[in-house]
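Take a look at the structure set out below.
Coordinate-derived values only; no laboratory data. Please read all numbers here as calculations on a predicted model, not as lab measurements. Cβ atoms come from the backbone with ideal geometry, glycine included; neighbour counts cover every protein chain shown.
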Amino acid sequence: MLLDADIKAQLAQYLQMMEGDVLLKVSAGSDDVSRDMLALVDELATMSSRIKVEHAELDRTPSFSVNRIGEDTGVTFAGIPLGHEFTSLVLALLQVSGRAPKVDQRVIDQVKAIKGEYSFETYVSLSCHNCPDVVQALNLMSIQNQGISHTMIDGAAFKDEVESKQIMAVPTVLLNGEPFGSGRMSLEEILAKMGSGPEASELTDKEPYDVLVIGGGPAGSSAAIYAARKGIRTGIVAERFGGQVMDTLGIENFISVKHTEGPKLVASLEEHVKEYGVDIMNLQRAKRLEKKDMIELELENGAILKSKTVIISTGARWRNINVPGEAEFKNKGVAYCPHCDGPLFEGKDVAVIGGGNSGVEAAIDLAGIVKHVTVIEFNPELKADQVLQDRLYSLPNVTVVTNAQTSEITGTDKVNGITYIDRASGEEHHVELQGVFVQIGLVPNTEWLGDTIERTRFGEIVVDKLGATDLPGVFAAGDCTDSAYKQIIISMGSGATAALGAFDYLIRN
Ligand SMILES: Cc1cc2nc3c(=O)[nH]c(=O)nc-3n(C[C@H](O)[C@H](O)[C@H](O)COP(=O)(O)OP(=O)(O)OC[C@H]3O[C@@H](n4cnc5c(N)ncnc54)[C@H](O)[C@@H]3O)c2cc1C
């Protein structure tokens, strides 16, 4: 039995929601994964009379496709969709059976309107929390549009293929055999990447806002809710709604909620923001801000939005180490997300650059999967909490190098080593390895502001106690500001402050 009793009980409830019959076409061999996959498929068939099973020859073995009776949908799972992909399997069964997905009809219409043949393949690991979003979005597109097909491929079950295609980060998506994207992508992001989004003129024609929030993370969401609750016209422009929280696995310090997961918190944030009729312009990147009669915001696509006040909450992103080889080997051995990409380095040697909390946590996590981890820290001592350091030093397959400056990530077509300089002796050292995880903190997303607003030497926007910047009518909140600490609850608090500050400004001006 592949499924434990709890999962089976949950699954039984979901399968009752199936609305029509589903045919699983199964391509199996005599290997262990094929045997487990057949056990899973048979178990599903015994749990619902709506699920039929047929043996078939598919492009990959082991794999199975999920089809309507008499009509292939193009949805295929190569490997066993358990772990984080279990939900993808359940949703595929429900949606192929005829159950409507929980997605805006406008987006479904957009998917249906796509013309042409699109064959997507997504390489995943079953421990990757960013992968299911991509798999589920592409499965949905495949179910809704006959011209689109999608195969999820578990890298662990197709090691030779992953090796030959040099897939070193998940999720990696190929479209018609060519690279399409990597990392978490929502359905809307995939559609935008395929060239199906709103025109610039549609956005420019919008009425001016009272408050325009730039950024859709915790700070921006909180600012928008506080502003809209004052009954004023509020909009949000976000490159990716949810911000860093979308990349966060477990959250245990969001006060009043003992444990939640990033994407779950983002879904509640979006629901809350929508409750107040905030105009959300997702997948739009701010490019330039200028104060005229009103404040004008130019977007990357050329649209100009106008507002009486603006709240900047563009957050932060992973800091790059900026050494030769980093950009060149990104997703070819250079990675930033140990939870996602760690399993692809099973049995290999890797380095973690950075000895703060995130670096040491990453090293502990990776040590359980890979052969050996070298931690490289610039300072003479690790900066991580003592409890994490104790755990790290107790691991047999970890080497810690302190007072070391990484000078190059080497490789040919993928990473084959790292070079660092011992800062005490000046000697150069080279370690042969296959993966490098960069964990050296974050950098604020504020470069696009140029000289319009005062920023610290780290690029953080300087704000006063009302969240106001030095440009009248422009406020800022969250990780993009000079706030002492960067946390979800702190960003939300500062978003609220900035919204109340902006409202106060509107009353007085
Ligand atoms: C891996 C990880 C784990 C974490 N775990 C925790 C935790 O457990 N608890 C906790 O409290 N905190 C945690 N944090 C920190 C927390 O996520 C941040 O402090 C918080 O998300 C900051 O919120 P923000 O709204 O200021 O910025 P962000 O979350 O960074 O959001 C910024 C928003 O601005 C948008 N944006 C950026 N540039 C532009 C542009 N030019 N135009 C338009 N939009 C733009 C982004 O797309 C995004 O929507 C974690 C962070 C990471 C990376």
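Annotation: the residues 458, 345, sorted from fewest to most other C-beta atoms within 10 Å of their own C-beta, follow the order 458, 345. Relative to the current alpha-carbon distance between residue 199 and residue 456, full extension at 0.36 nm per residue lengthens the span by 89.0 nm. Between residue 482 and residue 4, full extension at 0.36 nm per residue minus the direct alpha carbon distance yields a gain of 167.2 nm.
A Förster distance of 30 Å, applied to the separation of the beta-carbon atoms of residue 178 and residue 327, puts the FRET efficiency at 0.90. The relative contact order of the range 238-351 comes to 18 percent, based on Cα pairs under 8 Å that sit 6 or more residues apart.
Overall, the anisotropy analysis places the range 386-426 in the oblate class: the square-rooted eigenvalues a ≥ b ≥ c of its C-alpha gyration tensor yield a/c not less than 1.5, with a/b not exceeding b/c. Of the DSSP H helices in the chain, those with a Cα length along their own long axis of 18 Å or more and a mean Kyte-Doolittle hydropathy reaching 1.0 comprise 488-508. For the residue pairs 465/486; 115/287; 102/486, the alpha carbons lie more than 23 Å apart in 115/287; 102/486.
Note that the range 334-438, at 20 °C in a medium of 1.002 mPa s, gets a Stokes-Einstein diffusion coefficient of 159 µm²/s from its Kirkwood radius over C-alpha pairs. Placing +1 on each Lys and Arg Cβ and -1 on each Asp and Glu Cβ, with no other charges, gives the chain a dipole about its Cα centre of roughly 1240 debye.
Under 5 Å from the amide H of residue 301 lie the amide H atoms of 285, each residue being 5 or more positions distant or on a separate chain, with H modelled from the backbone and absent for Pro and chain starts. Is the chain best put as rounded, prolate or oblate by its Cα gyration tensor, with a ≥ b ≥ c the root eigenvalues, rounded for a/c under 1.5, and otherwise prolate when a/b is larger than b/c, oblate when not? It is oblate, given that a/c is not under 1.5 and a/b is not larger than b/c.
Rank these for me by crowding, 504, 4, going from fewest to most other beta carbons within 10 Å. Ascending number of Cβ neighbours within 10 Å: 4, 504.
Shown here for the range 226-278: trypsin sites (Lys or Arg not before Pro) in loop regions (DSSP other than H, G, I, E, B) with at most 16 other Cβ atoms within 10 Å, namely 229, 230, 258.
The range 106-154 and the range 262-304 have Cα centres lying 26 Å from one another. In percent, rounded to a whole number, the relative contact order of the chain is 12, using alpha-carbon pairs under 8 Å and six or more apart.
Amide H contacts of residue 317 (H built 1.01 Å from N, in plane; Pro and chain starts excluded): 443, 445 sit under 5 Å, all sequence-distant by 5 or more or on other chains. Among 25/371; 274/306; 193/292, which pairs are too far apart, with a Cα-Cα distance over 29 Å? Over 29 Å Cα-Cα: 25/371; 193/292. Taking a Cβ cut-off of under 14 Å around residue 509, the surrounding Lys, Arg, Asp and Glu residues balance to a net charge of 0, with basic ones at +1 and acidic ones at -1. Each Cα pair under 8 Å and six or more residues apart adds its separation to the average, and for the range 334-438 the resulting relative contact order is 30 percent. Applying a 4.7 Å Cβ-Cβ cutoff to the chain, the cysteines left without a disulfide-compatible partner are 480. Sorted ascending by nearby beta carbons within 10 Å, beginning with the fewest, 131, 480 become 131, 480.
For residue 100 and residue 489, a Förster radius of 30 Å and the Cβ-Cβ distance give a FRET efficiency of 0.25, rounded to the nearest 0.05.
Rounded to the nearest 500, the 222 nm mean residue ellipticity of the chain from helices alone is -8500 deg cm²/dmol, with -39,500 (n - 2.57) taken per DSSP H run of at least 4 residues. What the Cβ-Cβ distance of residue 320 and residue 257 gives, at R0 = 25 Å and to the nearest 0.05, is a FRET efficiency of 0.20. Considering only 225, 493, 505, whose Cα is most displaced toward the positive end of the charge dipole of the chain, charges sitting on Cβ of Lys, Arg (+1) and Asp, Glu (-1)? The residue sitting most towards the positive pole is 505. For the range 404-509, the dipole from Cβ point charges (+1 on Lys and Arg, -1 on Asp and Glu) about the Cα centre works out to 440 debye, to the nearest 20.
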